[in-house]
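**Q** Pasting in a structure now, in structure tokens, and then I'll have a few things to ask.
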Amino acid sequence: MNLDHIRNISIIAHIDHGKSTLADRLMQMTGTVTAREMKEQLLDSMDLEREKGVTIKASAVRMIYRYEGKEYEINLIDTPGHVDFSYEVNRALQACEGAVLVVDASQGIQAQTMAHLFAALEQDLTIVPVINKIDLPAAMPDDVAEEVEELLGVPAEDIPRISAKTDVNVEAVLHQIIEQVPPPTGDVNAPLRALVFDCLYDPYKGVIAYVRVFEGKIEGTPRLTAMTTGKVLEPLEVGVLTPAMLVTNSLAAGEVGYIATGLKTLQDLDVGDTITLAEGGATERLPGYQPLKPMVFAGLYPSDADDYGELRDALEKLQLNDAALVYEPETSQALGFGFRLGFLGLFHMEIVQERLEREYDLDIIFTAPSVEYRVNMTDGSVMTIDSPAALPEPTKITSVEEPWCELRIFSPSEHIGTIMDLVTKRRGELKNQTWLDTKRVEIACMIPLSEIIVDFYNELKARTRGYASMDYTLDEYRAADMVKLDILVNQQPVDALSIIVHRDDAYHKGQRLVSKMKEIIPRQMFTVPIQAAIGNKIISRANVQAMRKDVLAKCYGGDITRKRKLLEKQTAGKKRMKMVGQVEIPQEAFMSVLRLEEE
Amino acid sequence: MDSIPSPVDPFGLYIHIPFCERKCPYCDFNTYAGLGDLFERTVDALCAEMAGRRSRLGDRPVTSVFVGGGTPTVLADAQLEQLMAAVHASFSLAAGCEITFEANPGTVDRDKFGCLRSLGVNRLSIGVQSFQPEELRFLGRIHDVEDVYRAFDAARTAGFGNINLDFIFGLPHQEMAQWQDTLGRALALGPEHLSLYSLIVEPNTPLYHWVATGKTDAPDEDMAGELYEATIERLAAAGYVHYEVSNWAKPGSTQPPDAVLMPEYACRHNLVYWRNQEYLGIGPGAHSHLRRRDEQGRAVSRRWSNHKPVPGYVRRVQQAEPVEDFAEEVGPRLSMGETMMLGLRLVREGVERERFQALHRCDMEEVFAAQLRDLQAWGMIETDAARVRTTRRGLLMGNQTAALFLPDEAVETDALEAGQH
């Protein structure tokens, strides 16, 4: 198709501002899918995404639309909605020339939107703002339009006011896309350069690369190369997404489509890589590529040791469509055989956890997440560790360095005080504060990554009544006085409860952990001491008093079945506990390390 | 069903009277208030059910009869006579058969007890629950403290020489002094038997709802433990033998209290339960247990229970339909677990090795080697050539001890089709 008739766009929005609904509407309107075929929020295919109100995996769809007598091809590229996936968002935006900015008419521009918007502006995208949800009683479309005008310089009166849900004025969005977003450019005769903006594993076709061709073309199914990994691809087919895969065996500069790469695992192809021809290909890849790097690590164990095999199978399957997930086997004295997992961030970890439980029906235990520390040893060597268990003895360590990140928080200005309080509590330092308008502010600060991976986002949301959002990027390693805090139950250290903490926080966290354990660990037949220790030094202690009696002094008459079932239930409950030093520790104990800050 | 044919084996008969003048808020038994219209038809149905069971049990002698509820004494004298006549018509009672009636101090007088005596009833179980007026109010009892004294006196006057008193301890905020006062008053009456149960908050009771909504505090488990231990001391000092978790009885005049394994006044009917022996339950919601031998000669239990709602029970009996609505087959291994679970409640007697061997045709020591070894190492049980029984500590941790003998996972017993027999 003539490049002038192609538009490549993304939709960017704060969570719940109606991105998916608008996408659905556009697809219906262009006849891409009929109402009958339309599942609710087609682009968010996984239940989990729907529930969390975010899109985890990007996908793309080609829509055909006639406007003023000409036929246009609009490629809509979906973007994931969370900070953990900012790299994927950036690659998706890189594949576009324009972005539709959806703003909720009742809520106005939200901080989360800003992060994506800035990313879009950085990629030089043309922004098409749209005010959505004008059907809501609380809608203030004119006020919001003025906000948007102030932000983008687009005249307020030119901004479409729509309701994607009730199908009001959505056509105007299509018109603006065609009129405002520039068509793609690119030399169709240059050597092929196609950006991989997403990957997906298809059980029948293997790894599917979603690509935007910037230069050159693919005719048929020639041998291709992924420029970073050097992997040679022998494609099964090449085509476009309608959204079903339609084989064209032809993609040219400016177009968006897919390549069934013939690769067997997602690990063979990275998002952000450039695909070129194996023979006579380009020499320089497109900008923006970064290898995926896990930033957060946690142990994962089956609740029931018998489920180890199932857990391993589930992880293998999960990795098929989650290239960012890495894992290796790990063992714990308390929890038995399990895995150490690496995630892009805490949110990514939550998603993996929920998917394992929901899609694979597994009962699992996650241990406290950790970041990757650099440990400078007395012998001059440097170790990197991502698990408290791996931290060497204090005498062998000269210093420990931990990753810091730049954290940007967008929030209504009335919450500045409480946000700064939170940041300071988590060892953060304010860098600067920028007023976005009279009501909103951007707070930039430096903060140790370890401080934001455990319950920071929830706390931020709670403190700002859900209005603040955040984005972070890894910055540098800094020296830190970190120590390993051990929890001993009945004199036995419980490895899965150890955490690496800053020495200044050790006392407070030790106390909290001990009192949490005291609440959670059921009373046993004997008194159980619970201690927090740094090395050999006990810093906190509490006792779980011995159970005085556990006998059913009740008359059950001849109903022996009931009595037996009561006892069996008690036994079944115990099976889900972990034995350490003759003490049954409920699984909840291992998760409670994640919620230390809650009152 | 084939029962194990041995004329000397104990065999209990339980008859359930599902009526009360008022339903107590803690009670989750199958009993109802305000069903006066149904008394007659229910008694007819009980009699008919007994008649129907007769043919299947042959002439197996009944060694104990227990009429419980509910409040059997809410029935009229004529109804009680009809009931006992049916017992004699349908079953042969062994010589010296224990016949117990439960009674509520608020529903009895000298005449009622006289009637029971004339019907051959030789044991009474009176539901006193407390001697503290405010506790009786909390427990929703229809009687007051004076009623208890009147009832006990009437029972003695009527000639009852084997009387049990039921009490409940561990009420929310109950203090040691109150419980000791209740115990003191109970002991002063000199009953032959005392059943002392701790208050359990059972689902689907008003008490459960009160606790759930914060109207009442939950009973304090630690306090209940303290009260229980104090009770054990006090009753021992008063010469009662603690023979089951919740039951104490006087030894016979020739029994030395310290060495006795089973006091003379122990409730023989309840011993049938704890020794994992057989019994037939008659009436709505009543439970039964009969045993057969499988191909290898091992004991397999069949447990079942009757339909609970009274009108439905009556209708089924009237229309000669099966009244069971739950039945399970307990296989050999689980049945052995039940023998341990139940027998370890018998404080002195415990589980006798010989009895176990006779019942299950295998050696307890072989089947439960690991459990017995661990429990002994933890000081929960003591064993000798004749028996296994709990220590004081094991008694207090009875649930944990018993649970060890049950299979690891809650086994699904073979649910039998209801009504099949």
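**Q** What is the distance, in nm, between label points placed 7 Å from the Cα along the Cα-to-Cβ direction at B:ASP384 and at B:ASP222?
**A** So the label points at B:ASP384 and B:ASP222 sit 3.7 nm apart.
**Q** List the lysines whose Cα sits under 18 Å from the Cα of A:LYS165, skipping any in the same chain fewer than 8 residues away.
**A** A:LYS19, A:LYS39, A:LYS133
**Q** Averaged over B:389-402, how many beta carbons belonging to a partner chain fall within 10 Å of each residue's beta carbon?
**A** Rounded to a whole number, the mean comes out at 4.
**Q** Let me ask something else about it. Go from 0 up to the bin containing the longest alpha carbon distance in chain A, width 20 Å each, and give me the % of pairs per bin.
**A** Result returned by the calculation: 18, 46, 29, 7, 0.
**Q** Turning to a different aspect of this structure: Once you have the Cα-Cα distance between A:PHE118 and A:THR166, take 0.36 nm times their residue separation minus that, and quote the gain in nm to one decimal.
**A** 14.3 nm
**Q** When B:SER305, A:SER450 are ordered from fewest to most other Cβ atoms inside 10 Å of their Cβ, what list results?
**A** Exposure proxy ranking, most exposed first: B:SER305, A:SER450.
**Q** Using Cα pairs under 8 angstrom and six or more residues apart, how large is the relative contact order of chain B, in percent?
**A** 15 percent.
**Q** Could you compute the net charge surrounding B:ASP363? Neighbours are other residues with a C-beta less than 11 Å from the C-beta of B:ASP363; K and R count +1, D and E count -1.
**A** That works out to -1.
**Q** Please give, to one decimal in nm, the separation of the simple spin-label points placed at B:ALA237 and A:GLN492, each 7 Å out from Cα toward the Cβ.
**A** Reported label-point gap for B:ALA237 and A:GLN492 is 4.1 nm.
**Q** Could you work out how far helix A:308-320 tilts from the main Cα principal axis of chain A, as a 0 to 90 degree angle to the nearest 10?
**A** It works out to around 20 degrees.
**Q** Residues with beta-carbon under 14 Å from that of B:GLN180, excluding B:GLN180: net charge, scoring Lys, Arg +1 and Asp, Glu -1?
**A** Cβ neighbours under 14 Å give a net charge of -4.
**Q** Can you work out ³J(HN,Hα) from phi for every residue in the stretch B:320-328, in order, using Karplus 6.51 cos²θ - 1.76 cosθ + 1.60 and θ = phi - 60°, giving whole Hz and x for Gly and Pro?
**A** Karplus values, whole Hz, x for Gly and Pro: 6, 8, x, 9, 6, 10, 8, 8, 9.
**Q** Given R₀ = 25 Å, what would the calculated FRET efficiency be for A:SER381 paired with A:LYS537, taking r from the Cβ atoms and rounding to 0.05?
**A** The formula returns an efficiency of 0.40 here.
**Q** What's the average, rounded to a whole number, of partner chain beta-carbon atoms within 10 Å of each residue's beta-carbon in A:543-550?
**A** The shielding value for this peptide is 5.
**Q** Something else about it: For every other residue with a beta carbon closer than 13 angstrom to the beta carbon of A:GLY288, add +1 if it is Lys or Arg and -1 if Asp or Glu, then tell me the sum.
**A** Spelling it out: positives minus negatives among the neighbours equals -2.
**Q** Based on the mean of other beta carbon atoms within 10 Å per residue, what is the order of A:373-382, A:180-189, most packed first?
**A** Highest-to-lowest ranking by the protection proxy: A:180-189, A:373-382.
**Q** Averaged over peptide B:222-231, how many Cβ atoms belonging to another chain are found within 10 Å of each residue's Cβ?
**A** 3
**Q** Here's a follow-up. Would you mind checking which residues have amide H under 5 Å from B:ILE99's amide H? H placed 1.01 Å from N; only 5 or more apart, or other chain.
**A** Here the answer is B:VAL65, B:ASN122, B:ARG123, since their amide H atoms fall under 5 Å of that of B:ILE99.
**Q** In whole Hz, what ³J(HN,Hα) sequence does the stretch A:121-129 give by Karplus (6.51, -1.76, 1.60; θ = phi - 60°), x for Gly and Pro?
**A** So the Karplus estimates, Gly and Pro as x, are 5, 4, 8, 6, 7, 7, 9, 10, x Hz.
**Q** Subtracting the Cα-Cα distance from 0.36 nm times the residue separation, let me have the gained length for A:HIS175 to A:ASP306 in nm, one decimal.
**A** Taking A:HIS175 through A:ASP306 to full extension adds about 41.3 nm, to one decimal.
**Q** Taking amide H positions as placed in the peptide plane 1.01 Å from N, state which residues far from B:VAL330 in sequence (5 or more) or on other chains have amide H under 5 Å from it.
**A** B:SER301, B:ARG302, B:ARG303
**Q** Could you tell me which of rounded, prolate or oblate describes the stretch B:62-102, using a ≥ b ≥ c as the square roots of the eigenvalues of the alpha-carbon gyration tensor, with rounded for a/c under 1.5 and, failing that, prolate when a/b is larger than b/c and oblate otherwise?
**A** Note, shape of the stretch B:62-102 comes out oblate.
**Q** Continuing with this model, one more query. Hey, what did chain A get for relative contact order, percent, Cα under 8 Å, at least 6 apart?
**A** It comes to 9 percent, rounded to a whole number.
**Q** Is the C-alpha gyration tensor of the stretch B:159-200 telling us rounded, prolate or oblate? Criteria: a/c under 1.5 is rounded; beyond that, a/b larger than b/c is prolate, otherwise oblate.
**A** Oblate is the answer for the stretch B:159-200, as a/c is 1.5 or above yet b/c matches or exceeds a/b.
**Q** Right, next: Which shape class, rounded, prolate or oblate, goes with the stretch A:461-502 when its Cα gyration tensor gives a ≥ b ≥ c as root eigenvalues, a/c under 1.5 marks rounded, and past that a/b bigger than b/c marks prolate?
**A** oblate
**Q** Work out the FRET efficiency for B:LYS215 and A:GLU519 from their Cβ-Cβ distance, taking R0 = 30 Å, and round it to the nearest 0.05.
**A** The pair B:LYS215/A:GLU519 has a calculated efficiency of 0.75.
**Q** Amide H neighbours of B:GLU202 under 5 Å, counting only residues 5+ apart in sequence or on other chains, H built in-plane at 1.01 Å?
**A** Those qualifying (amide H under 5 Å, at least 5 residues apart or on another chain) are B:TYR208.
**Q** Let me ask you something else. Got a sec? How would A:CYS405, B:CYS27 order by Cβ neighbour count within 10 Å, fewest to most?
**A** Arranged by neighbour count, lowest to highest, A:CYS405, B:CYS27 become B:CYS27, A:CYS405.
**Q** Please turn the phi angles of the stretch A:443-450 into ³J(HN,Hα) values with the Karplus equation 6.51 cos²θ - 1.76 cosθ + 1.60 (θ = phi - 60°), one per residue in order, whole Hz, x for glycine and proline.
**A** 9, 10, 8, 9, 8, x, 4, 4
**Q** Now for a separate question. For B:GLU175 and B:ALA259 in the same chain, what is the full-extension length gain: residue separation times 0.36 nm, less their Cα-Cα distance, in nm?
**A** 27.0 nm
**Q** Here's something else I'd like to know. Sum -39500 (n - 2.57) across every DSSP H segment of at least 4 residues in chain A, then divide by the residue count to get the 222 nm mean residue ellipticity, nearest 500.
**A** Dividing the helical sum by the residues of chain A leaves -7500 deg cm²/dmol.
Values in this text are rule-based calculations from the coordinates and carry no lab data. None of the values given here were measured: they were computed from a predicted structure. Positions of Cβ are backbone-derived with ideal geometry, glycine not excepted, and every protein chain shown enters the neighbour counts.
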